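Trainee: The following block contains the structure, expressed as structure tokens.
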Amino acid sequence: MATDLAGFDTLAVHAGQEPDPTTGAVMTPIYQVSTYAQDGVGGHKGYEYSRTDNPTRTALQACLAALEGARFGLSFSSGLAATDVILRALVKPGDLVICGDDVYGGTYRLFDKVLKPWGMNFRYADFSMADANEAIPAGTRMVWLETPTNPLLKVSDIQAVALRCKAVGALLVVDNTFATPYFQRPLALGADIVVHSTTKYINGHSDVVGGFLAVNDAALYEPLKFLQNAAGAVPGPQDVWLTLRGVKTLGVRMDRHQSNAEVVLAFLRQHPDVARVYHPFDSPVARRQMSGFGGMISFDLRGDLDRARRFVAATKLFTLAESLGGVESLIETPALMTHASIEPEKRRAAGIEDGLIRLSVGIETAADLVADLAQAFRA
Ligand SMILES: *Cc1c(COP(=O)(O)O)cnc(C)c1O
């Protein structure tokens, strides 16, 4: 284990991984296996059945936990599978959960359409505006925070929310998918659990769907680990291996996402057809709690829904697609795509206008990205 080495990029390449003891293979093999031979009953080498544990998955869990500065990590078959396990392991029917008001649309759907009918109570709050003390009443069981948010990139003060959570005995979960541990470490700021869609920046190549959670407290880890095995939404070894490969370049990619996004941002800010640009670093809290902001930019395009539809169809380098965080640039309209599962009134009340465009700025040549957007504005 290389976890005693401090540097982020060193951990991304080495943590949780050693040359294979039997062959010397430098990279962790894909242990494409469901079960493990036992010498006698119970005489195994730490692995019995791959739903419970698999060596490739163990390597990824240790690597990602090291990047978040966590003692424990658990990988899942999707970000929402990780979310589902956190709620079902730690929240009971009747408990109150306070959730950010513009969380990922699929998170909202899971809370509102699956877990609420099952008896959990959800309230929604704008943690970037509200005094955390008012948004989180005594008796709250869990606070679910996304910062920066998707798609409006609003930033909340993790440390302030964590203090309030401690005071009322609530657990704080931070979805760190957008920032990644390269730019933001929620556990160090007081969060209890960090959750990721590794589908996005952590894997970074738009070829795997996966999820991850990190936690320091063994008393929280135990029920989460139990449910990972008991419910079984685990990733397969091939997906885990691709993610392990992808995360090695996380720091290098995030630096390029960021420098490209800066160029695109400067272009958008001066364009007459752009009514408003949303960007995390507009907030002083972001500059304090994040060391960078990555490649996500949203903006309001002047004109109606039809103009937005034409704009996203006209880009050539920016591919029209859901998801984000890959090496390739993507573009989408949240109102029609990622956030279409939220009722229109609720969506607009949360500030997601019909003309909102979300960019995931990739690692291509920055001038090509600007040229592509420029021609789409003329289309
Ligand atoms: C994509 C995403 C999720 C859900 O993850 P999946 O891997 O798609 O299940 C959760 N939170 C955020 C911020 C996301 O972008």
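Trainee: Extension gain Asn133-Ala313, at 0.36 nm per residue separation less the Cα-Cα distance, in nm?
Mentor: Numbers: separation 180, 0.36 × 180 = 64.80 nm, distance 4.36 nm.
Full extension from Asn133 to Ala313 adds 60.4 nm.
Trainee: Using only Cα atoms, find the angle between the long axis of helix 79-90 and the longest principal axis of the chain, and express it within 0 to 90 degrees, rounded to the nearest 10.
Mentor: Orientation of helix 79-90: about 60 degrees from the principal axis.
Trainee: Given labels modelled 7 Å from the Cα in the Cβ direction, how far is it in nm from Val33 to Ala188?
Mentor: 3.7 nm
Trainee: I'd like to check one number: the per residue accessible area of segment 85-208, probe 1.4 Å, reported in Å² as a whole number.
Mentor: Working: 4120 Å² over 124 residues.
Counting only protein heavy atoms, the per-residue value for segment 85-208 is 33 Å².
Trainee: For the residue pair Arg109 and Asp282, what label-to-label distance in nm results when each label sits 7 Å from Cα along the Cα-to-beta-carbon direction?
Mentor: That separation, rounded to one decimal, is 2.8 nm.
Trainee: Same structure again: Report relative contact order for the chain in percent, whole number only (criteria: Cα-Cα under 8 Å, sequence separation at least 6). Numbers along the way, then the final one.
Mentor: Details: 777 pairs, mean separation 65.1, N = 379.
It comes to 17 percent, rounded to a whole number.
Trainee: With 29 Å as the limit, write out which pairs from Lys116/Lys248; Lys116/Lys200; Lys113/Lys248; Lys116/Lys316; Lys92/Lys225 have Cα-Cα distances beyond it, or answer none.
Mentor: Values: Lys116/Lys248 38 Å; Lys116/Lys200 27 Å; Lys113/Lys248 36 Å; Lys116/Lys316 41 Å; Lys92/Lys225 17 Å.
Flagged as over cut-off: Lys116/Lys248; Lys113/Lys248; Lys116/Lys316.
Trainee: Let me ask another. Around Pro272, under 14 Å between beta carbons, what's the net of Lys plus Arg minus Asp minus Glu among the other residues? Provide the component values of the computation, followed by the final result.
Mentor: Working: positive: Arg269, Arg276, Arg302, Arg307, Arg378; negative: Asp273, Asp300.
Once all neighbours under 14 Å are counted, the net charge is +3.
Trainee: For segment 285-354 and segment 225-267, what is the centre-to-centre distance using only Cα atoms, to the nearest Å?
Mentor: 20 Å
Trainee: Apply the Karplus parameterisation 6.51 cos²θ - 1.76 cosθ + 1.60, with θ equal to phi minus 60°, to every residue of segment 192-200 and state each ³J(HN,Hα) to the nearest whole Hz, in sequence, with x for glycine and proline.
Mentor: 8, 9, 10, 10, 9, 8, 6, 3, 8
Trainee: Quick one: check the C-alpha center-to-center distance for segment 106-143 versus segment 152-217, whole angstrom.
Mentor: The two parts, judged by their Cα centres, are 16 Å apart.
Trainee: Extending each Cα 7 Å along its Cβ direction at Val252 and Asp273, get the distance between those two points in nm, one decimal.
Mentor: 3.6 nm
Trainee: Just subtract the alpha-carbon distance of Ala219 and Ala167 from 0.36 nm times their residue separation and send over the number in nm, one decimal.
Mentor: Details: separation 52, 0.36 × 52 = 18.72 nm, distance 1.89 nm.
Using 0.36 nm per residue and subtracting the Cα-Cα distance, I get 16.8 nm.
Trainee: What part of the accessible area of the chain, given as a whole %, is carbon or sulfur when the probe is 1.4 angstrom? Let's see the in-between values first.
Mentor: Details: 8440 of 15330 Å².
The value for the chain is 55 percent carbon and sulfur by accessible area.
Trainee: Amide H of Ser197: which non-local residues (sequence gap of 5 or more, or other chain) have their own amide H closer than 5 Å, using H built in the peptide plane?
Mentor: Thr177
Trainee: Follow-up. Nearest 0.05, what FRET efficiency do Arg378 and Ser341 give at R0 = 35 Å with Cβ-Cβ as r?
Mentor: Numbers: r = 33 Å, r/R0 = 0.93.
The pair Arg378/Ser341 has a calculated efficiency of 0.60.
Trainee: Would you pull out the residues with amide H under 5 Å of Ser298's amide H, same chain only if 5 or more places away, H placed 1.01 Å from N?
Mentor: Correct list: Tyr278, Leu359.
Trainee: If amide H atoms are built 1.01 Å from N in the plane of the peptide, which residues on other chains or at least 5 residues away come under 5 Å of the amide H of Glu332?
Mentor: Those lying under 5 Å, H to H, from Glu332 are Arg358.
Trainee: Test of understanding: in a Gaussian network model of the chain with alpha carbons linked when under 10 Å, which of Asp126, Asp175, Asp306 would top the mean-square fluctuation ranking?
Mentor: Of Asp126, Asp175, Asp306, the most mobile in the Gaussian network model is Asp306.
Trainee: Roughly what angle does helix 218-231 make with the longest principal axis of the chain, taking Cα atoms, 0 to 90 degrees, to the nearest 10?
Mentor: Helix 218-231 sits at roughly 90 degrees to that axis.
Trainee: For a protection proxy built on the mean count of beta-carbon atoms within 10 angstrom, sort 146-156, 85-95 highest first, please. Mind dumping the intermediate values first?
Mentor: Values: 146-156: 25.9, 85-95: 17.8.
Result, highest mean Cβ count within 10 Å first: 146-156, 85-95.
Trainee: What is the mean projected area of the alpha carbon convex hull for the chain, to one decimal in square nanometres? Don't skip to the answer; put the middle values down first.
Mentor: On the way: hull surface 76.8 nm².
Computed as one quarter of the Cα hull surface, the answer is 19.2 nm².
Trainee: Let me ask you something else. On a 0 to 90° scale, report how tilted helix 55-67 is relative to the longest principal axis of the chain, with both axes built from alpha carbons and the result rounded to the nearest 10.
Mentor: That helix lies at roughly 50 degrees to the long axis.
The values are calculated or read from the model by the stated rules, or taken from the named source; none is laboratory data. Here the structure is a predicted model, which means the values were calculated and not measured. Positions of Cβ are backbone-derived with ideal geometry, glycine not excepted, and every protein chain shown enters the neighbour counts. In case anyone asks, the SASA skips ligands and DNA or RNA and just uses the protein heavy atoms, side chains included. Shrake-Rupley method; radii C 1.70, N 1.55, O 1.52, S 1.80 Å.
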